[in-house]
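Taken together, the values in this text are just the output of simple stated rules run on the coordinates, not laboratory data. These figures come from a predicted structure and were not determined experimentally. We place every Cβ from the backbone using ideal geometry, glycine too, and count neighbours over all the protein chains shown.
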Amino acid sequence: MRFNLVDNVVTRTLSKICDMVCLNILWLICSIPIVTIGASTAALYTVMLKLVRNEEGYIFKGFFRAFKDNFRQATVIWLILAALGTVWYIDMRVVSVMPETAALLFRTVFLLLGFLLLSVAIYAFPLTARYENTVGTTLKNALILTVAKLPYTLLMVIVTVGAALLSVWNLQFLLIAIPVWLLFGVSLIAWINSYLLRRVFAVFDDKEEKDTKEEVK
């Protein structure tokens, strides 16, 4: 049988798209209780980080196994971040009624804190998916990576925030965005971030490989 490169590329592309749609729907369904968003996101990244390394597996089985394994830790992290996000939102509302000069100063400070909080959230769930650590260590590593890998952090924040802002730019964009988010929007963001995270996590992977070699010796 003659090998057809075009057919192979098309088949692989369609397969990837199908995987992303399935993952997106799984994430949405498992996030409906709200409190499970953390576990659902960790499960999404568990599968997605494997997909970007071409480590194909069973999408449904892999997702639900990761959801179960990471449920406790990811849920605790989600509740902590959600609580901090709520406090941040309230503070921003308070700043909006302050005198102009004070408002500018506090708004700048809280925008920086908001950036740090969002960055930690972006890193925390993939870290939970990829490595076994305590909640405190995971959040600490997320904060360290936010600063140490700032260019990657900025790219992932821009992708995440940019997609959200574009979706609500106007009514026309919103009508297009809703079906996109329902079908593959979340998984697409996770896919883009996962490609960037491969390079970010190299520092941990290299350390693990070095430690393994030392143990062998």
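Structure data summary
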{"item": "On Cα atoms only, tilt of 135-148 relative to the major axis of the chain in degrees", "result": "80"}
{"item": "With Cα atoms, 0 to 90° folded angle of helix 37-51 axis to the chain main axis", "result": "40"}
{"item": "Approximate spin-label separation residue 11-residue 68, in nm, with each point projected 7 Å along Cα-to-Cβ", "result": "3.2"}
{"item": "Spatially close lysines, pair count over the chain: Cα under 29 Å, gap of eight or more or interchain", "result": "21"}
{"item": "Between segment 82-147 and segment 17-39, the alpha-carbon center distance in angstrom", "result": "23"}
{"item": "Within a Gaussian network of the chain (alpha carbon springs, distance under 10 Å), most fluctuating of 20, 92, 156", "result": "92"}
{"item": "Förster radius 22 Å - calculated FRET efficiency between residue 165 and residue 91 (Cβ-Cβ, nearest 0.05)", "result": "0.60"}
{"item": "Distance (nanometres) between label positions extended 7 Å along Cα→Cβ at residue 80 and residue 35", "result": "1.9"}
{"item": "Relative contact order for the chain, counting Cα pairs under 8 Å that sit 6 or more residues apart, in percent", "result": "26"}
{"item": "Equivalent ellipsoid semi-axes, segment 7-196, via Cα gyration tensor eigenvalues times 5, rooted, Å", "result": "30, 21, 16"}
{"item": "Helix 100-130 vs. the chain, principal-axis angle (Cα, 0 to 90°, nearest 10)", "result": "20"}
